[in-house]
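Accompanying notes for the structure given below.
Every number here is computed from the coordinates shown, using simple stated rules; none is lab data. Keep in mind that this is a model prediction, so the values were computed, not measured. Neighbour counts are summed over all protein chains in view; Cβ atoms, including those assigned to glycine, are modelled from backbone coordinates with ideal geometry.
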Amino acid sequence: MSDDAKTVARGLQKRDPELLDRLIEQYQYRLFRYLVYLTASRERAEDFFQETWIRVLERGHQYDGKSKFEAWLFAIARHLVIDWQRQKKMQSLDALTDPEDGAPMEIADEEGPSPLRLALGREQKAKVQASLEQVPAIYREVLLLRFQEELKLEEIAKVLETPISTVKSRLYRGLESLKGVLQGGAA
Amino acid sequence: MSEGVHARAGHLIAQERVEGISPAERHWLDQHLQECERCAEQVRTTEEAVGALRAVSVPLPRSLASRAQMRVRLRVQELSEREPQRRALWLACGISWTLGIASAPYVWRAFEWIGHRTGVPKLIWEMGFGLWWTIPALVAAVVLLLENARQTDEGEWFKELS
């Protein structure tokens, strides 16, 4: 357990507001980006961002500092999104996003740009945006955790609560999918 | 060169990014890539894909962090205000259970006496005695449930407000 993780765990146990302020500041970009990838909506990502930190405060005593804080944070955010989707009587995140099972996660407006494109920002290269939109969310999520967050496979498995073998298989498929769409093919 | 060799190279190219490859595999792949333009192109495509993914940035909404910080601080305050009440509740439960244990033989006799005097069946007054024991736990559970319900309502209210 690193000293930093220990300090965070101790601070969360005490519900230290200074520590929480610092964590919010420090992880705001990464958490928001992850939520945008998960929900494909900036507005929803903003709501979940707030809720995630409230949950971090309330469940802080459960973080033992043995794993990376960001992995625990992402797991909380992911649970909130899944709970919300279940409340909305939709399918689970996995079912929603598994390309074999059905539609991708974002609820796109066919007339206008997709929520993910709007969420990612207009300055992005159109090709990359369009490519990412075509990558099923279940793969997009692992690609983000691996290549942007640079989490280890074990850490991703913890966030997703799935076996490492599943994480690997999603990563392989996600990479293939991304390569395919970047080259102009279908995901 | 057989398709199997290209397939192996293709798998190693992806494996290198996903979970890493051994030095022996690295050596084999390097040699293969020197000879095979098709697989070298695959390396470039994979690099491009990962690079594109890393290049994507998400603009942050204004005052995202400060809004979250404010909400968290308010919640910290709420929780700290509620802490003494909860402690008092558990203390009351503890005292109640301790007194319950200490007075159990007398209460049992009292229930037995009332049962005999009123002619109530044994099972009924025994159940009455059991219920007597569960009263502190029931009161605590009701208080906690009410508190949770209030928290949920407040959460919804805050969501609407913000």
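So here's what we get for this one:
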| quantity | calculated |
| --- | --- |
| Residue mean of other protein chain beta carbons inside 10 Å, B:42-52 | 5 |
| Shielding by other protein chains, B:69-75, mean Cβ within 10 Å | 6 |
| B:Ser2, A:Ser67 arranged by Cβ crowding within 10 Å, fewest neighbours leading | B:Ser2, A:Ser67 |
| Options B:Leu146, B:Thr98, B:His27, ranked by Cα towards positive dipole end of the range B:1-153, top entry (Cβ charges) | B:Thr98 |
| Calculated SAXS-style log₁₀ I(q)/I(0) at q = 0.29 Å⁻¹ - the range B:58-112, Debye, Cα scatterers | -1.01 |
| Cβ-based net charge around A:Asp16, under 12 Å, with every Lys or Arg adding one and every Asp or Glu removing one | +3 |
| Per-residue average of Cβ from other chains inside 10 Å of A:33-42 | 2 |
| Separation between Cα centres of the range A:36-61 and the range B:113-129, rounded to whole Å | 56 |
| Most to least packed among B:25-38, B:64-77, A:49-62 [average Cβ atoms within 10 Å] | A:49-62, B:64-77, B:25-38 |
| Per-residue Cβ neighbour rank within 10 angstrom, fewest leading, A:Glu25, A:Glu141 | A:Glu25, A:Glu141 |
| Prolate/oblate/rounded label for the range B:1-115 (Cα gyration tensor, a/c 1.5) | oblate |
| Burial ordering of B:Thr118, B:Thr45, fewest other beta-carbon atoms within 10 Å first | B:Thr118, B:Thr45 |
| Burial ranking of peptide ranges A:163-169, B:80-86 (average Cβ count within 10 Å, highest at the top) | A:163-169, B:80-86 |
